[in-house]
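J.: My questions all concern the structure below.
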Amino acid sequence: MKNKYSIFSLVKNAFSYHENWEKAWKDPTPKKEYDVVIIGGGGHGLATAYYLAKKHGMKNIAVVEKGWIGGGNTGRNTTIIRSNYLWDASAGLYDHALKIWENLSTELNYNVMFSQRGVMNLAHNLQDVRDLKRRTHANRLNGIDSVYLTTDEVKKFCPIINTSQKIRYPVLGGTLQKRAGTARHDAVAWGYARGADEMGVDIIQNCEVKGIKRTFDSVEGIETTRGFIKTRKIGVVAAGHSSVIASMVGLRLPLESKPLQALVSEPVKPIIDTVVMSNAVHAYISQSDKGELVIGAGTDDYVSYTQKGSHDIIEGTLNAILELYPIFSRMRMLRQWGGIVDICPDASPIISKTSIKGLYFNCGWGTGGFKATPGSGDLFAHTIANDEPHKLNAAFNLNRFVSGDLVDEHGAAAVAH
Amino acid sequence: MFLINCPFCGEREQSEFKAGGEAHILRPKQPTELSDDEWAEYLFMRKNIKGIQFERWNHSHGCRKWFNVIRDTSNDQIKAVYKMGQKPPAI
């Protein structure tokens, strides 16, 4: 049993200069065999292991991670959490995640700094206005809080936005989801890692998967840089590298991996207390608790695994930011980075069994996976433990690309992809 | 960000081009006889390779012609460029 984090443990550890905190997770040597191995130690993978142990009573679980936990897209996103998706299947999935977020810090005894500061989506042309109104109605029919705002209401909610109707893409209106917001991305990975470790999950870092051993129709184990690990069930949560893992068993996935960029500015005093997204001009902005402006840009249109991205993408985003927020014209950017996002043709994820027994994929989250972390882990754990999907992720199976029953959220979800 | 040597215009910045995805995916000769599985393979399934990839590009802000590129997706280095209909050069 781990020591509970609280104000008292903080005070107690202050007396020893915070040098005697117990390790939040161990650094185990891989065992010879596990009941389940999760490939990928990001938020989704760690959450999957956590819920497998917590809700499905599995004891012998490993998470293998080629680098360090939370070092991939979990540590590279703009931390936006919302559930205002158009289609019923997506609304169910993302709102399931949002409901878990609301109590996650308490559940994990780890402050994930979930902040329901609201997410506003802006409309910049007539089609945006129609789409956002339609989506607001769809959201409310699905029990998701969502309101449509006029230009004046947008200005009132976020006064620094330039609502002049003379700019190239004027603000014609917007939507607001008040339950939406942000969280601390690293804390999510660390909180789930600590919780999973406490229940006996082995978190094995610096362990890259090199191959998957299989018989004709089922899996037998994985070859890693730290030796062979025997297992009958493998959950792949490898984000941008999902296709690389799939190719080890000769599978192809409907994915393309592309760089997605974000950047942060120098820290300044509080200036924007919400999240504002504009899909038409491709600019997302919020402010971190440290005071940095967190800006999300778009993807490059070519496949690449470089974790970089093109300068012209950032230029386009910053042009839009400056037109909408002239107040930021003299801000300096501190850091820029790229993550490799695995994009599905319908911009919806895959949480699914495969044609190979014991091999499961959780991928295709594309540009918007962070918000779904807790729900994704919960539903993927259910899928692995029961060898069949939960009703909330049934629509997100791999077979939809054969049946044609796609969950088309491209553009429809009020987010540029 | 990288430079692409358009076979018609010469070397230009990547931002002048539009990526057209995986190359050499043949359009089915008898579309009416394809099963749903075969359609899914043709329409959606991609190799999405980390390493040497054969792909199509369009010089959308230049000559607007399509051509093929061989590129290493792990470091964005271009190995070869060749025209549509040509056999890929050995690399």
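J.: Among the numbered criteria (1) among the aromatic types (Phe, Trp, Tyr); (2) in a helix (DSSP H, G or I); (3) open to solvent by 10 Å² or more (accessible area, probe 1.4 Å), which one does A:Tyr17 miss?
T.: Answer for A:Tyr17: the failing condition is (2).
J.: Would you mind telling me which numbered condition in (1) open to solvent by 20 Å² or more (accessible area, probe 1.4 Å); (2) assigned to a loop (DSSP other than H, G, I, E, B); (3) of a type in the set (Val, Ile, Thr) A:Ile327 fails?
T.: In the conditions (1) open to solvent by 20 Å² or more (accessible area, probe 1.4 Å); (2) assigned to a loop (DSSP other than H, G, I, E, B); (3) of a type in the set (Val, Ile, Thr), A:Ile327 misses (2) alone.
J.: Are there any pairs, at least 6 apart or on different chains, whose C-beta atoms fall under 6 Å, with the first in segment A:333-355 and more than 22 Å from A:Leu392 (Cβ to Cβ) and the second among the acidic types (Asp, Glu), and if so, which?
T.: Going by the 6 Å Cβ cut-off, the qualifying pairs are A:Leu334/A:Glu266.
J.: Within segment A:229-244, take every residue that is in contact with a strand residue (DSSP E or B) (Cβ under 6 Å, 6 or more places away or on another chain) and part of a strand (DSSP E or B) and give me the one that is most open to solvent (accessible area, probe 1.4 Å).
T.: Among those that are in contact with a strand residue (DSSP E or B) (Cβ under 6 Å, 6 or more places away or on another chain) and part of a strand (DSSP E or B), it is A:Lys230.
J.: Would you tally the residues in segment A:30-76 being in a helix (DSSP H, G or I) and more than 22 Å from the chain's Cα centre (by Cα)? Walk me through it before giving the result.
T.: Within segment A:30-76, the subset in a helix (DSSP H, G or I) is A:43-55, A:73-75.
Retained after the next criterion (residues that are more than 22 Å from the chain's Cα centre (by Cα)): none.
Qualifying residue count, segment A:30-76: 0.
Per-residue answers, yes or no, for (1) touching a residue at least 24 places away in the same chain (Cβ under 8 Å); (2) of a type outside the set (A, V, I, L, M, F, W, C); (3) open to solvent by 20 Å² or more (accessible area, probe 1.4 Å):
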site: A:Gly40; (1), (2), (3): yes, yes, no
site: A:Ala49; (1), (2), (3): yes, no, no
site: A:His96; (1), (2), (3): yes, yes, yes
site: A:Trp101; (1), (2), (3): yes, no, no
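J.: Also, I was wondering about something else. Report, by residue number, each residue of segment A:351-367 that is surrounded by 24 or more Cβ atoms within 10 Å (Cβ to Cβ) and farther than 14 Å from A:Ile38 by Cβ.
T.: Once the filter is applied, which keeps residues that are surrounded by 24 or more Cβ atoms within 10 Å (Cβ to Cβ) and farther than 14 Å from A:Ile38 by Cβ, segment A:351-367 yields A:Gly364, A:Trp365, A:Gly366.
J.: Restricting attention to segment A:123-152, report how many residues are β-branched (Val, Ile, Thr), touching a residue at least 24 places away in the same chain (Cβ under 8 Å) and under 11 Å from A:Leu172 (Cβ atoms). Steps first, please.
T.: Going through segment A:123-152, the residues β-branched (Val, Ile, Thr) turn out to be A:129, A:136, A:144, A:147, A:150-151.
Okay, now just the ones that are also touching a residue at least 24 places away in the same chain (Cβ under 8 Å), so A:129, A:136, A:144, A:147.
With the extra rule that they be under 11 Å from A:Leu172 (Cβ atoms), the set shrinks to A:129.
Within segment A:123-152, residues that are β-branched (Val, Ile, Thr), touching a residue at least 24 places away in the same chain (Cβ under 8 Å) and under 11 Å from A:Leu172 (Cβ atoms) number 1.
J.: I've got another one for you. Those residues that are closer than 23 Å to B:Ser74 by Cβ and either assigned to a strand (DSSP E or B) or of a type in the set (A, V, I, L, M, F, W, C) (or both), I need them from segment B:35-49; list them, please.
T.: To start, the set of residues in segment B:35-49 that are closer than 23 Å to B:Ser74 by Cβ comprises B:45-49.
Those that are closer than 23 Å to B:Ser74 by Cβ and either assigned to a strand (DSSP E or B) or of a type in the set (A, V, I, L, M, F, W, C) (or both): B:Met45, B:Arg46, B:Ile49.
J.: Please find, within segment B:39-49, the residue that is least open to solvent (accessible area, probe 1.4 Å) out of those that are among the hydrophobic types (A, V, I, L, M, F, W, C) and more than 7 Å from chain A (Cβ to nearest Cβ). It would help to see each step written out before you state the result.
T.: Step one: filter segment B:39-49 for residues among the hydrophobic types (A, V, I, L, M, F, W, C), giving B:39-40, B:43-45, B:49.
Now narrow it down to the ones that are more than 7 Å from chain A (Cβ to nearest Cβ): B:39, B:43, B:49.
Numbers: B:Trp39: 78, B:Leu43: 88, B:Ile49: 56 Å².
The residue in question is B:Ile49.
J.: Related question: Before we move on, is A:Gly375 outside any strand (DSSP E or B), under 14 Å from the mean Cα position of the chain (by Cα) and more than 14 Å from chain B (Cβ to nearest Cβ)? Break it down stepwise before answering.
T.: Details: outside any strand (DSSP E or B): yes; under 14 Å from the mean Cα position of the chain (by Cα): yes; more than 14 Å from chain B (Cβ to nearest Cβ): yes.
Judged against the criteria, A:Gly375 is a match.
J.: Still on this structure, please answer the following. Given the criteria open to solvent by 50 Å² or more (accessible area, probe 1.4 Å) and under 11 Å from A:Gly200 (Cβ atoms), does A:Lys59 qualify? Steps first, answer last, please.
T.: Numbers: open to solvent by 50 Å² or more (accessible area, probe 1.4 Å): yes; under 11 Å from A:Gly200 (Cβ atoms): yes.
Answer is yes for this residue.
J.: Moving on. Of all residues in segment B:50-75 being open to solvent by less than 20 Å² (accessible area, probe 1.4 Å) and in a loop (DSSP other than H, G, I, E, B), which is farthest from the other protein chains (Cβ to nearest Cβ)?
T.: B:His59
J.: Could I ask something else about it? Please tell me if B:Leu3 is within 13 Å of another protein chain (Cβ to nearest Cβ) and either in contact with a Gly (Cβ under 9 Å, 6 or more places away or on another chain) or open to solvent by 20 Å² or more (accessible area, probe 1.4 Å) (or both).
T.: Numbers: within 13 Å of another protein chain (Cβ to nearest Cβ): yes; either in contact with a Gly (Cβ under 9 Å, 6 or more places away or on another chain) or open to solvent by 20 Å² or more (accessible area, probe 1.4 Å) (or both): yes.
Yes; evaluated as a whole, the condition is true for this residue.
J.: Within segment B:14-34, track down each residue that is open to solvent by 50 Å² or more (accessible area, probe 1.4 Å), more than 8 Å from every other protein chain (Cβ to nearest Cβ) and outside any helix (DSSP H, G or I).
T.: B:His24, B:Ile25, B:Leu26, B:Arg27, B:Lys29, B:Gln30
J.: Same structure again: Can you name every residue in segment A:1-14 that is aromatic (Phe, Trp, Tyr) and open to solvent by less than 100 Å² (accessible area, probe 1.4 Å)? Show your work before the answer.
T.: Taking segment A:1-14 as the starting set, the residues that turn out to be aromatic (Phe, Trp, Tyr) are A:5, A:8.
Hit for segment A:1-14 is A:Tyr5, nothing else.
The values are calculated or read from the model by the stated rules, or taken from the named source; none is laboratory data. Every value quoted in this text rests on a predicted model; they were computed, and no experiment measured them. So basically every Cβ, Gly included, is an ideal-geometry build from the backbone, and we count neighbours across all protein chains shown. To get the accessible areas, we keep the full protein, side chains included, count just its heavy atoms, and leave off ligands, DNA and RNA. Shrake-Rupley method; radii C 1.70, N 1.55, O 1.52, S 1.80 Å.
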